[in-house]
Amino acid sequence: MYCVRNVTEDLYWVGANDHRLALFENIHPIPKGVSYNSYLLLDKKTVLFDTVDWSVCRQFLENIEKVLDGRQLDYLVINHMEPDHGASIEEVLLRYPKAKVISTEKAFMLMRQFGFNVDGRMVEVKEGDTFSFGKHEVVFVSAPMVHWPEAMVTFDTTNGVLFSADAFGSFGALDGKLFNDEVNFDRDWIDDARRYFTNIVGKYGPHVQALLKKAGTIDIKIICPLHGPVWRSNLGYFLDKYDKWSRYEPEEKGVMIVYASMYGNTESAASALAASLVEKGVTNVVMYDVSNTHVSTLISETFRLSHVVLASVTYNLGMYPLIHNYLMDMKALNLQKRTFAILENGSWACKSGTLMHDFLDNEMKDINILDEKITLNSSMTEDNLPEMDALVDSIVASMK
Ligand code: FEO
């Protein structure tokens with residue numbers, strides 16, 4: 001059965017949801033599923049904007065067939081070639097033999113690399129090129145590294161619809177709801193949107209900034225991303241989030257304590273630290289056990305908050321592997337502008353504090369590391385309280 005929604009009177013959402021996929025990009029958990037959005041415009045010409053992941057292609061084809069209602073497909077615009085959107089290109093071209101593909105030079109190169117035959121059907125466009133489909137005129141805007149180098153976005157100057165590719169997307173299946181005003185985004189979606197952005201596009205903050213600058217020059221009324229809800233109201237809310245995330249500015253002043261604890265002693269010290277922070281008025285405190293929190297959530301929370309306490313045991317005279325993995329991910333995703341504090345533990349050769357400090361100092365940009373730190377020998381005792389008090393005072397002072 002087809003499942004489509006009107007976006008505007010002549011533009012339709014023809015995408016599909018996937019509730020079966022456990023890991024997006026085979027790495028990020030998506031317990032609420034994901035949507036692969038595609039849009040079909042019925043103008044003098046018929047135009048499909050992007051395709052979907054192969055896993056939902058059958059639903060997608062049924063949706064297209066319903067909306068076309070016997071018409072041929074004239075154009076397929078590919079804004080982003082990553083296979084979660086590009087995998088069904090060849091199937092669409094096989095079923096609609098007159099359709100031409102509009103995309104960038106790099107996207108066509110990637111299509112060939114992925115084995116798609118688009119010979120004789122390519123319409124290559126570049127930054128600023130315009131195209132008329134009848135009533136609707138569009139301009140193509142390059143968006144390199146948001147999130148692959150070939151990416152572009154397409155702006156319909158007739159009705160203000162921006163086909164934004166991966167930008168302004170989110171994890172989470174739509175489940176019938178399509179627009180941001182049909183969901184409680186700030187309650188139910190923002191965490192997944194942040195986790196999507198920070199882990200998928202987080203590395204490319206300056207490129208997102210460049211796209212936001214271009215977006216500021218056009219009168220956008222509706223944003224149609226390739227994942228998650230379509231934005232038709234309160235655009236400023238999401239644009240502001242994107243601006244903060246891509247400048248690596250925290251959304252909130254608050255402390256995230258990420259702890260690695262083998263037998264519960266480091267966890268106990270982390271809890272005492274959290275309680276002490278709250279007693280001193282810092283109530284925005286969250287604790288995460290690195291061993292049972294997926295690193296994509298840790299990254300997302302690190303983008304949200306201003307302060308991070310790394311509390312870790314020493315392991316094989318080195319860093320605890322999962323703390324190391326978290327730090328490596330932070331570096332890969334270009335995280336900056338955060339204040340870190342360290343709580344280290346070691347029963348005979350306590351090394352974790354120095355190693356974590358050196359990583360932050362040598363491998364990352366624009367990071368503030370507080371001088372005060374807590375060193376435990378196996379477990380926390382009252383002898384450690386002066387160190388803890390000093391660290392808490394330092395965190396409180398750094399928040400002002
Ligand atoms: Fe949703 Fe970069 O693909």
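Would segment 224-245 turn up any residue that is of a type in the set (A, V, I, L, M) and either assigned by TED's automatic domain parsing to the domain that holds ASN292 or open to solvent by less than 10 Å² (accessible area, probe 1.4 Å) (or both)?
Taking segment 224-245 as the starting set, the residues that turn out to be of a type in the set (A, V, I, L, M) are 226, 230, 235, 239.
Cutting the leftovers down to either assigned by TED's automatic domain parsing to the domain that holds ASN292 or open to solvent by less than 10 Å² (accessible area, probe 1.4 Å) (or both) gives us 226, 230.
Yes: one or more hits.
Being within 16 Å of the ligand (Cβ to nearest atom) and in a loop (DSSP other than H, G, I, E, B): is that true of VAL52 here?
Numbers: within 16 Å of the ligand (Cβ to nearest atom): yes; in a loop (DSSP other than H, G, I, E, B): yes.
Against the criterion (within 16 Å of the ligand (Cβ to nearest atom) and in a loop (DSSP other than H, G, I, E, B)), VAL52 qualifies.
Yes/no matrix, rows are residues, columns are (1) buried (at least 18 other Cβ atoms within 10 Å of the Cβ); (2) farther than 26 Å from ARG58 by Cβ; (3) within 15 Å of the ligand (Cβ to nearest atom); (4) of a type outside the set (Ser, Thr, Tyr):
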site	(1), (2), (3), (4)
PHE114	no, no, yes, yes
VAL161	yes, yes, no, yes
TRP189	yes, yes, no, yes
ASN199	yes, yes, yes, yes
HIS207	yes, yes, yes, yes
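Where residues in segment 223-254 are assigned to a strand (DSSP E or B) and away from the ligand (no atom under 16 Å from the Cβ), which of them is farthest from LEU333 (Cα to Cα)?
TRP231
Is segment 18-29 home to any residue that is of a type in the set (A, V, I, L, M) and either open to solvent by less than 10 Å² (accessible area, probe 1.4 Å) or assigned by TED's automatic domain parsing to the domain that holds ASP329 (or both)?
First, the residues of segment 18-29 that are of a type in the set (A, V, I, L, M): 21-23, 27.
From what is left, the residues that are either open to solvent by less than 10 Å² (accessible area, probe 1.4 Å) or assigned by TED's automatic domain parsing to the domain that holds ASP329 (or both) are none.
No, segment 18-29 contains no residue that is of a type in the set (A, V, I, L, M) and either open to solvent by less than 10 Å² (accessible area, probe 1.4 Å) or assigned by TED's automatic domain parsing to the domain that holds ASP329 (or both).
ASP219 - would you say it is acidic (Asp, Glu), touching a residue at least 24 places away in the same chain (Cβ under 8 Å) and within 16 Å of the ligand (Cβ to nearest atom)?
Working: acidic (Asp, Glu): yes; touching a residue at least 24 places away in the same chain (Cβ under 8 Å): yes; within 16 Å of the ligand (Cβ to nearest atom): no.
Judged against the criteria, ASP219 is not a match.
All but one of (1) open to solvent by 20 Å² or more (accessible area, probe 1.4 Å); (2) farther than 21 Å from SER271 by Cα hold for LEU360; which doesn't?
Every listed condition holds for LEU360 apart from (1).
Quick check on segment 163-187: of everything there that is assigned to a loop (DSSP other than H, G, I, E, B) and among the aromatic types (Phe, Trp, Tyr), which residue is surrounded by the most Cβ atoms within 10 Å (Cβ to Cβ)?
Taking segment 163-187 as the starting set, the residues that turn out to be assigned to a loop (DSSP other than H, G, I, E, B) are 164-171, 173-178, 183-184.
Subset that is among the aromatic types (Phe, Trp, Tyr): 168, 171.
Values: PHE168: 28, PHE171: 26.
Filtering segment 163-187 for residues that are assigned to a loop (DSSP other than H, G, I, E, B) and among the aromatic types (Phe, Trp, Tyr), the one surrounded by the most Cβ atoms within 10 Å (Cβ to Cβ) comes out as PHE168.
Check whether at least one residue in segment 200-216 is at pLDDT below 95 and outside any helix (DSSP H, G or I), and report yes or no.
Looking for residues that are at pLDDT below 95 and outside any helix (DSSP H, G or I), one finds at least one in segment 200-216, hence yes.
What is the residue count in segment 363-379 for residues that are crowded, with 16+ Cβ neighbours inside 10 Å and touching a residue at least 60 places away in the same chain (Cβ under 8 Å)?
2
Can you tell me which residue in segment 71-90 is nearest to the ligand (Cβ to nearest atom), limited to those that are outside any loop (DSSP other than H, G, I, E, B) and open to solvent by less than 10 Å² (accessible area, probe 1.4 Å)?
Going residue by residue through segment 71-90, those that are outside any loop (DSSP other than H, G, I, E, B) are 75-77, 83-86, 89-90.
Those left that are additionally open to solvent by less than 10 Å² (accessible area, probe 1.4 Å): 76-77, 85-86, 89.
Details: LEU76: 17, VAL77: 15, HIS85: 6, GLY86: 9, ILE89: 14 Å.
Per the stated criteria, the residue is HIS85.
Go through (1) within 14 Å of the ligand (Cβ to nearest atom); (2) assigned to a helix (DSSP H, G or I); (3) open to solvent by 10 Å² or more (accessible area, probe 1.4 Å) and name the single condition PRO149 misses.
Against the list (1) within 14 Å of the ligand (Cβ to nearest atom); (2) assigned to a helix (DSSP H, G or I); (3) open to solvent by 10 Å² or more (accessible area, probe 1.4 Å), PRO149 comes up short only on (2).
Residues of segment 233-267 being charged (D, E, K, R) and in contact with a helix residue (DSSP H, G or I) (Cβ under 7 Å, 6 or more places away or on another chain), which ones?
Within segment 233-267, ASP243, ARG247, GLU251, GLU252 qualify.
Can you tell me which residues in segment 1-17 are more than 17 Å from ASN79 (Cβ to Cβ) and either open to solvent by less than 10 Å² (accessible area, probe 1.4 Å) or within 19 Å of the chain's Cα centre (by Cα) (or both)?
ALA16, ASN17
LEU211 passes all but one of (1) open to solvent by 10 Å² or more (accessible area, probe 1.4 Å); (2) more than 16 Å from the ligand (Cβ to nearest atom); (3) hydrophobic (A, V, I, L, M, F, W, C); which number fails?
Condition not satisfied by LEU211: (2).
Restrict the check to segment 282-291 and report whether at least one residue is open to solvent by less than 20 Å² (accessible area, probe 1.4 Å), farther than 24 Å from THR198 by Cα and in the same structural domain as TYR259 (by TED's automatic domain parsing). If you could, list the steps in order and put the result at the bottom.
Initially, segment 282-291 is screened for residues open to solvent by less than 20 Å² (accessible area, probe 1.4 Å), giving 282, 290.
Right, trim to farther than 24 Å from THR198 by Cα and you get 282.
Checking the rest, the ones that are also in the same structural domain as TYR259 (by TED's automatic domain parsing) come to 282.
For segment 282-291, residues open to solvent by less than 20 Å² (accessible area, probe 1.4 Å), farther than 24 Å from THR198 by Cα and in the same structural domain as TYR259 (by TED's automatic domain parsing): present.
The values are calculated or read from the model by the stated rules, or taken from the named source; none is laboratory data. Note that the structure is a prediction, hence the values are computed from the model and not measured. Methodologically, a virtual Cβ is constructed for each residue, glycine included, from the backbone with ideal geometry; neighbour enumeration extends over all protein chains shown. Protein only, heavy atoms only, side chains kept; ligands, DNA and RNA dropped before computing areas. Shrake-Rupley method; radii C 1.70, N 1.55, O 1.52, S 1.80 Å.
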